[in-house]
Amino acid sequence: MLKKIIIEKIGENGPMPFRAFMNEALYHPVYGYYMSKEAMPFGREGDFFTASHLHPAFGAAIGRQVQQMWTLMGKPTLFHIIEFGPGRAFLASDMLRSLDNTEFYNAISYVIIEANPWLMQHQRAMLTDDKVSWAASANELPPVCGCILSNELPDAFPVHLVQMDNGVLREVWVAAEGDNLIEILREPYKEILEYVEEFEIDVLRGSSTSFNPVIPAKAAIQSTYRTEINLAVRDWLKDCSSILREGFIITVDYGFPAWQYYQPGRSRGTLLCYHRHKTSENPYENIGEQDITAHVNFSALSKWGLQYGFRPVGYAAQGQFLLSLGIDELIAQIPQDEDYQFEAIKIKRLLVPEGMGESHKVLVQYKGAAGEIPRLRGFTIRNQLSELDVMPTMELEK
């Protein structure tokens, strides 16, 4: 159904940028992957799982970090925790449960931003605490102080798809040929060219003017160099700035600094589709029934955040961040009547490089009074902020 709608829209208005196609596939108000009534793609029975699905210790550890933020801000009597797109809301549930007997708990107002009314209904059934409220968009919230949470959010923002073709940078657009969707190449938007220069992406700088304007969708993997550009991150940071008068943003997601993201060897980009825990590189199948994601450029998050008053505080791999917060202590607290080994293994999957410990990164940004940037417990083992520089001072990977 959604494929037919997209083809009809192309018939009426002409080809659309890949970003617009991805937006339809994920966020069409009726048939989009994240917006449909059947949108329960999370967990073992769904298409993917996040850290909060593995073990409640993840939420407990994040809660420790947020509590320290509240303390550093002078323990305000009202502290808003704002979570974008929480899925089944395990993170909110686990955080609130872990903080229940603390002084901090009395100050918490937990706000969930959820555009899908069906998911919101599920979340309301799970989160019965009167501390929790809901909003359909950031525009509904007044400026507050507190902390914004996003767990695997920016990777689902619609991205521009670009490729080098015979030495010239082109943007991928989606056109229709009968009942099939095909790709065509067009001149990139000015913002894309500015992005390439801002992050000094040499692999996307070219000179030739000849190119092949039509590429069958199935031939996408044959491109010389193809990658993604996420400009929607800047719009999201603008929304964060409008609702956060003072406080922190915690972003947990899979991604890289710009210099790692756009390496010559990553010639097929990072775009992936997830359908029932199987991956694919073809976004033109199972439209509206599969997730489409791309890794996050954490350099862009950090740099663009400064434009809206958010100073970077710390950046580290998820495993290092959680260990700094004492998540290993939580393993020792597993009740002996439970399957200790099974529970410990689930926690370790949050930490080890073979699991989410290295693939997922944590970036924290702060908006507040000028002066010394707060020192957070989550970065006591390691803080890799310097890696987010366009030209990092540390030795590059060989």
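The values are calculated or read from the model by the stated rules, or taken from the named source; none is laboratory data. What you see is a predicted model; the values in this text were computed from it and never measured. Quick reminder, even Gly has a Cβ in these numbers, built from the backbone with ideal geometry, and neighbours come from all protein chains shown.
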Next on the checklist: Only one of His55, His28 is modelled with pLDDT under 90 and either assigned by TED's automatic domain parsing to the domain that holds Asp239 or crowded, with 17+ Cβ neighbours inside 10 Å (or both). Can you tell me which?
Outcome noted: His55
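From the residues in the range 251-293 that are among the aliphatic types (A, V, I, L, M) and in a loop (DSSP other than H, G, I, E, B), which one is farthest from Lys3 (Cα to Cα)?
Leu271
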Checklist entry - In the range 225-246, is there at least one residue being at pLDDT below 95, hydrophobic (A, V, I, L, M, F, W, C) and assigned to a loop (DSSP other than H, G, I, E, B)? => result no
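Conditions tested, residue by residue: (1) outside the structural domain of Glu372 (by TED's automatic domain parsing); (2) in contact (Cβ under 8 Å) with a residue 12 or more places away in the chain; (3) hydroxyl-bearing (Ser, Thr, Tyr); (4) surrounded by 18 or more Cβ atoms within 10 Å (Cβ to Cβ).
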position	(1), (2), (3), (4)
Ala60	no, yes, no, yes
Gly63	no, yes, no, yes
Leu72	no, yes, no, no
Lys75	no, yes, no, no
Leu78	no, yes, no, no
Arg88	no, yes, no, yes
Met95	no, yes, no, yes
Leu99	no, yes, no, yes
Thr102	no, yes, yes, no
Item to check | Identity of the residue in the range 238-249, of a type in the set (A, V, I, L, M, F, W, C) and surrounded by fewer than 24 Cβ atoms within 10 Å (Cβ to Cβ), that ends up nearest to Gly378 (Cα to Cα) | outcome: Cys240
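In the range 154-165, what count of residues is obtained for those that are of a type in the set (A, V, I, L, M) and within 12 Å of Ile292 (Cα to Cα)? Spell out how you get there, then give the answer.
Step one: filter the range 154-165 for residues of a type in the set (A, V, I, L, M), giving 156, 159, 161-162, 164.
Right, trim to within 12 Å of Ile292 (Cα to Cα) and you get 156, 159.
Count: 2.
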